[in-house]
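Notes for the one structure printed next.
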Amino acid sequence: MTAAGPLDEYRLAGLLAGQGYFADEGLLTAVHLALRLGKPLLLEGEPGVGKTELATVMASVLSRPLIRLQCFEGLDSAQALYEWDHPRQLLRIREAEAGTAGGTDDLYSERFLLARPLLRAVTSEHGAVLLIDEIDRADSEFEAFLLEFLGDFQITIPELGTLTARRKPFVVLSSNRTRELHGALKRRCLYHWIDFPGSEREKAILEAHVPGLDVEAAERLVRAVTSVRRLPLLKRPGIAESVEWARGAAALAEDGAAWPQAMRAALGLLVKDEEDTRLLATKAAELFGDA
Amino acid sequence: MRDPAGNGGTEQVLERLWGFLGALRAEGIAGSPARREDFFRALAVSAPRDAAAFYWRARVTLVDDVRLVPAFDAVFGSWFLLREHPAPVSPAGEESSGVPAPRGTDTGVLPPAEAVLGSGAHAGADTVTSTREFGATGDSRARLLRALEAEWRRVLPSVRSRRHRPSRSRGTLALRATARLACRTGGEVVYLRHLTRPPRLRPVLLLVDVSGSVKQHTPDLLRLAHAATRAATGGAEVFTFGTRLTRVTAALAHPDTGRALTAVAHAVSDVDGGTAIGASLAEFIATPRFFSLARGAVVIVVSDGLERGDCDLMLRCTRRVALAGYRLLWWSPLACAPGYRPVTRGIAGVLPWLDRLGGVRDLPSGLAELRHVPDVCARPRREAFREWPDTNPRRQSWQS
């Protein structure tokens, strides 16, 4: 973090915007409070609204390393917390036998500890940004491993004792709500639901992420995306998709295509479903303007 | 902190805030002291500049589920009288969100016997919001339910879990465990340990029709679903649909069937109403967190398949669900009748995508139908049409 005082919402908004991330007031408050209260932040929302992106951007805003833990079924404490380095321990025992090293008293010391993401976040010198991504993909039992860490930013290793973070990491958890999270986990976090952005904010996002996009084109794209989201689609495009689409259309427009055609030609970047594509094709004229 | 309502000293402000928290607790929001502590700490560390900032501080600290947002907004509005607070679009509620149903003029619900050869045009699509009690379970049913529970467990196919389990002799060598053992024997590898991937049951996804056209069967169909949630270790997910889609897994959680059904009756608002199968399935698919439940699951649709009006949406959505799931079974109360043939537009259309079209109208027929599940899982996909040979042997294609 930069040294000049606490990060209030205004400064945070500026710093995030500098990285091309445009947050609304609710999200800014959530991030601000997470930093001030030193609590993890649980983010939910439709796919592609920028849950993961926030952690990445916060890492550069705070100039801290980003540590990412991708959750999956079967994820266990050895992959998330820590693991003893058994091969090295064996070698150590052999050395002791051969008399080339001292005793084997230090077999369970930090030398032989392999730090996994959560332990790395705890031991990180200057505090880290930890992203626990798609927590709903892990088994519900796994959440129990997280409770001590999320509550006190500490990890207890039976052989060593309790390791506490010297500097609290900034923790972001993301979930797609495929299953209900435990109350115990939620209680330790601040909660925010990220919504689709309003058109002003989406325009700012497009202009920041698509180099050389003029104002008129941005407006046209945002108008189209907003009306596309209103259609009864099977998968509504997120921000990630609309940025990709704008990039594609801009590239085509640069090559000399007219905007309506460019937007239509790049549609595969916005909508990734055969049926949705067909639905859009029937409405292309009113959505993208006449060719 | 400045009083967001703009009057009074600290005492009054505090009183107001506590009153607000009390009102929230009455709504079941932020009952725990930890949440309240967060709320006050948030106000203490950074005083809100304006009403919107106050709103967000309260919501971020006090609400931990997007479903609670509308209730929170209501309480917040009534306590701080902020008509213009930044009403954020509250995303669709999880448990029940309305599917806009096409209004039809025909609300008539045909008894199944008549509907067998119907065209589906008589299934109503009016949104009738009603709840109802599902009646007592009774002793004979209780016995059947226990049998069903055991049967669910027996018939579900299994996959190899991604979660490793230690084993003494089978599976791949567990280097870590072996090395740890070797520490005890002076660094010499004497004992070996293994890891296996044990089988786990595939998840079950049940989509149960509760519309008026299956009215008389609804209680038993829900009991069948309840037996599934109790039996399936992988977790059965249950949705009901009539004119709207409702996720009732949580409501079915109580181990007692009667209580679980009462909870469902409260959760579902469109019991015995019209039918909008296509719209309900479309909503299921369009909600990513619902649709991902279908992936790799044994999907069972319990419905008579009598869609009102145009079946196109229902056909397209059924195809999508069939592609996502491991097997797609369709249990229709109508198919119990001896002379039944799948000729209504809806059922005839989805038949090429089904792995089994069976008749289930009560618990015994459910038990009988469950016994077919292993066979269905053993044979190639989309073979349901072979069991109805005289209908239309041509595999229809309506993909384009």
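The values are calculated or read from the model by the stated rules, or taken from the named source; none is laboratory data. Just so you know, these numbers come straight off a predicted model, no measurement behind them. Counting neighbours? That spans all protein chains shown, and the Cβs are built from the backbone with ideal geometry, glycine included.
Structural remarks
- Among the residues here, B:Glu37 qualifies as modelled with pLDDT of 90 or more and of a type in the set (D, E, K, R).
- Number of residues in segment A:151-182 that are under 12 Å from A:Leu119 (Cα atoms) and not in a loop (DSSP other than H, G, I, E, B): the value is 7.
- Those strands (runs of 3 or more DSSP E) of segment A:31-91 in which at least 2 residues are more than 10 Å from every other protein chain (Cβ to nearest Cβ) and over 23 Å from B:Leu293 (Cα atoms), considering only elements entirely within it, cover A:66-70.
- Residue satisfying all of: in segment A:154-166; touching a residue at least 40 places away in the same chain (Cβ under 8 Å) and surrounded by 12 or more Cβ atoms within 10 Å (Cβ to Cβ); farthest from A:Glu83 (Cα to Cα) among these: A:Arg166
- Output for segment B:279-291, where each listed residue is buried (at least 24 other Cβ atoms within 10 Å of the Cβ) and either modelled with pLDDT under 85 or touching a helix residue (DSSP H, G or I) at 6+ places or on another chain (Cβ under 7 Å) (or both): B:Ala279, B:Leu281
- Options A:Arg68, A:Arg88, A:Arg94, A:Arg64: the member that is free of Cβ contacts under 8 Å to residues at least 24 places away in the same chain and either within 19 Å of B:Arg57 (Cα to Cα) or not aromatic (Phe, Trp, Tyr) (or both): A:Arg94
- Note on segment A:1-30: among residues that are assigned to a loop (DSSP other than H, G, I, E, B) and either within 9 Å of chain B (Cβ to nearest Cβ) or buried (at least 17 other Cβ atoms within 10 Å of the Cβ) (or both), the one that is modelled with the lowest pLDDT is A:Pro6.
- Count of segment A:163-212 residues which are away from every other protein chain (no Cβ under 14 Å), in contact with a Ser or Thr (Cβ under 9 Å, 6 or more places away or on another chain) and of a type in the set (S, T, N, Q): 0
- Residues of segment B:153-198 satisfying the condition of being part of a loop (DSSP other than H, G, I, E, B), surrounded by 16 or more Cβ atoms within 10 Å (Cβ to Cβ) and more than 8 Å from chain A (Cβ to nearest Cβ): B:Leu156, B:Gly171, B:Ala174, B:Arg193, B:Arg197
- Residue match in segment B:199-214 (condition: surrounded by fewer than 22 Cβ atoms within 10 Å (Cβ to Cβ), within 26 Å of B:Gly305 (Cα to Cα), out of contact with any strand residue (DSSP E or B) (no Cβ under 7 Å at 6 or more places or on another chain) and of a type outside the set (Lys, Arg)): no
- Close pairs from segment A:99-116: first small (Gly, Ala, Ser), partner surrounded by 13 or more Cβ atoms within 10 Å (Cβ to Cβ), Cβ under 8 Å, at least 6 apart: A:Ala101/A:Arg92; A:Ala101/A:Glu95; A:Gly102/A:Ala96; A:Gly103/A:Ala96; A:Ser109/A:Leu160; A:Ala115/A:Tyr82; A:Ala115/A:Thr123
- Filtered by the rule that a residue be hydroxyl-bearing (Ser, Thr, Tyr) and under 18 Å from B:Ala179 (Cβ atoms), segment A:109-125 gives a lone residue, A:Ser109.
- Single condition A:Glu125 does not satisfy, out of (1) more than 14 Å from chain B (Cβ to nearest Cβ); (2) closer than 16 Å to A:Ala80 by Cβ; (3) among the acidic types (Asp, Glu): (2)
- Screening segment A:241-281 for residues that are within 14 Å of chain B (Cβ to nearest Cβ) and part of a helix (DSSP H, G or I) and picking the one that is modelled with the highest pLDDT gives A:Glu241.
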